[in-house]
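All of the numbers you see were taken from the coordinates with simple rules; none came from a lab. Note that the coordinates shown come from a computational prediction; the quantities given were computed from them, not determined experimentally. Methodologically, a virtual Cβ is constructed for each residue, glycine included, from the backbone with ideal geometry; neighbour enumeration extends over all protein chains shown.
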Amino acid sequence: MATFASGGRCISRPFAQALLNTLRQQTRPTSRRFLLTASCADPANGLGEEQRQIQKMALDFAAKELAPNMQEWDEKEIFPVETMRKAAQLGFGAVYCDEKFGGTGLSRLDASVIFEALATGCCSTTAYISIHNMCAWMVDHFGNDELRSQWVPRLASMDTFSSYCLTEPGAGSDAASLSTTARKDGSHYVINGSKAFISGGGESDLYVVMCRTGQAGPAGVSCILVEKGTPGLSFAKKEKKLGWNSHPARIVNFDDCRVPVTNLVGEEGQGFSIAMKGLNGGRINVASSSLGAAYAALEQARDYMKIRKQFGKSLENFQYLQFRLAEMATQLVASRLIVRNAAVALDSQDPNAVALCSMAKLFATEECFKICNSAMQIFGGYGYLKDYPVQQYMRDCRVHCILEGTNEIMRMLVSRDLLTER
């Protein structure tokens with residue numbers, strides 16, 4: 001399989017190299033966690049050596065810090081602050097932000113590898129970390145140096161947690177119709193409106209808010225940062241969700257919420273562009289989280305087939321289940337390839353990146369959900385019990401077909417690209 005690293009080296013920046021050196025010094029020989037390692041479904045296939053090192057770091061963290069806790073976090077709806085800050089110490093808080101202000105300086109492909117690995121331990125927590133990374137990138141990429149120096153170091157360390165605020169009760173897929181307003185009043189913006197389904201709402205410290213500062217439509221939208229504790233900022237009750245329970249979702253309300261005009265990210269009227277560009281990467285991130293859930297589910301189904309017996313023999317001897325496992329592995333590898341292809345396109349600023357990110361999100365989230373569902377079916381009645389993590393992977397990755405742009409919108413974006421005359 002071809003190497004995805006550009007020029008043979010995917011990581012060359014000083015911070016990333018320091019991470020690799022630390023890993024090499026601290027790593028001790030251990031038994032392999034994944035029995036599928038070196039198989040046709042191995043997520044290391046196609047990666048350069050340094051990417052494999054970063055991947056191993058993330059897999060080890062997932063095995064030691066995330067997987068042992070994912071069930072408790074899900075059942076008790078715990079927001080695992082300290083564990084996420086440990087992840088940030090490895091450079092996972094601002095993966096593709098510039099090192100100038102504290103980011104890790106890695107590529108979108110590297111980020112995809114990291115999020116897939118982390119999601120094998122807890123898909124829900126990884127999804128929040130990926131959203132946080134998207135917010136950090138928006139500030140780093142579009143903010144002025146003052147905003148970047150103020151926020152990126154705190155976001156990179158996860159001393160500050162962030163939330164992305166685009167969707168509204170009346171504006172979901174039609175995001176350009178958002179009605180939250182920001183009226184300039186001297187040296188402040190006065191924000192009024194509500195945002196819905198906000199991951200981290202009430203727990204996050206910084207809210208990246210898309211609001212209307214001008215005319216109707218996308219040209220009138222701006223991006224403004226709102227800190228927790230700002231007068232006029234409030235939160236509704238925590239939503240009761242099917243999955244993604246390790247981080248809360250709430251409606252975020254703005255009632256004459258005054259923030260300094262210096263909190264504007266980019267320029268007035270640039271907000272919708274910022275939101276959409278952020279979502280290109282966000283779609284790769286959430287698809288990568290689906291890959292991790294599917295990989296873990298596939299591994300667990302394989303192991304279960306070896307120990308579960310019916311009709312006097314283990315399940316691994318039933319040809320139908322052998323074929324099902326082969327189909328699941330094929331779905332996984334195809335999904336991984338399309339996601340990594342989109343990540344490379346985004347890194348290289350390919351003119352087709354929007355459509356390729358949409359394709360990747362569409363295909364990978366749907367196929368990976370099917371893999372998790374098939375894995376649960378292999379477990380039979382046991383798969384339906386919360387004692388077994390396979391059902392949690394299925395629940396946590398289901399929402400990936402809905403958020404960061406529904407998969408119906410992904411179909412629209414891909415078809416629009418195909419039908420455009422060039």
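Each part reduced to its alpha carbon centroid, region 286-352 and region 109-158 end up 26 Å apart.
P(r) tail, region 243-346: Cα-Cα pairs separated by more than 18 Å, 70% of all pairs.
Computing Cα Rg over 2.2 N^0.38 Å directly from the structure and comparing it against (i) 1.04; (ii) 0.97; (iii) 1.69 singles out (ii). Each Lys and Arg contributes +1 and each Asp and Glu -1, all at the Cβ; summed about the Cα centre of region 281-419, the dipole is approximately 440 debye. Sorting 273, 124 from the fewest to the most surrounding beta carbons within 10 angstrom yields 273, 124.
Report, for region 162-269, the % of DSSP beta bridges that are antiparallel, rounded to 5. DSSP beta bridges in region 162-269 are roughly 85 percent antiparallel. Each residue in 110, 74, 256 was given a count of other beta-carbon atoms within 10 angstrom of its own, and listing them fewest first yields 256, 74, 110. Projected onto planes of every orientation and averaged, the convex hull of the alpha-carbon atoms in region 105-156 covers 3.6 nm². Within the listed set 324, 85, 108, the Gaussian network model of the chain (springs between alpha-carbon atoms below 10 Å) gives the highest mean-square fluctuation for 324. Charge dipole (Cα centre; +1 on Lys/Arg Cβ, -1 on Asp/Glu Cβ; no other charges) of the chain amounts to roughly 1000 debye. Of the residues 349, 285, 371, the one whose Cα sits farthest toward the positive end of the charge dipole of region 272-372, with +1 on the Cβ of Lys and Arg and -1 on the Cβ of Asp and Glu, is 371. When Rg and the Kirkwood Rh are both derived from Cα coordinates, the Rg/Rh ratio for region 62-164 amounts to 0.98. When the chymotrypsin sites (Phe, Trp or Tyr not before Pro) in region 304-361 are filtered for DSSP coil states and for at most 11 other beta-carbon atoms within 10 Å of their beta-carbon, the remaining sites are 311.
Applying both filters, DSSP loop and at most 14 other Cβ atoms within 10 Å, to the GluC sites (Glu not before Pro) of region 264-337 gives 267. Screening the chain for whole DSSP H helices of 27 Å or more along their axis (Cα) with average Kyte-Doolittle hydropathy at least 0.0 returns 123-142, 271-307, 319-347, 353-379. Per Stokes-Einstein, at 25 °C and 0.890 mPa s, what whole-number D in µm² s⁻¹ belongs to region 281-419, with the Kirkwood radius over Cα pairs as the hydrodynamic radius? For these conditions, the coefficient is 157 µm²/s.
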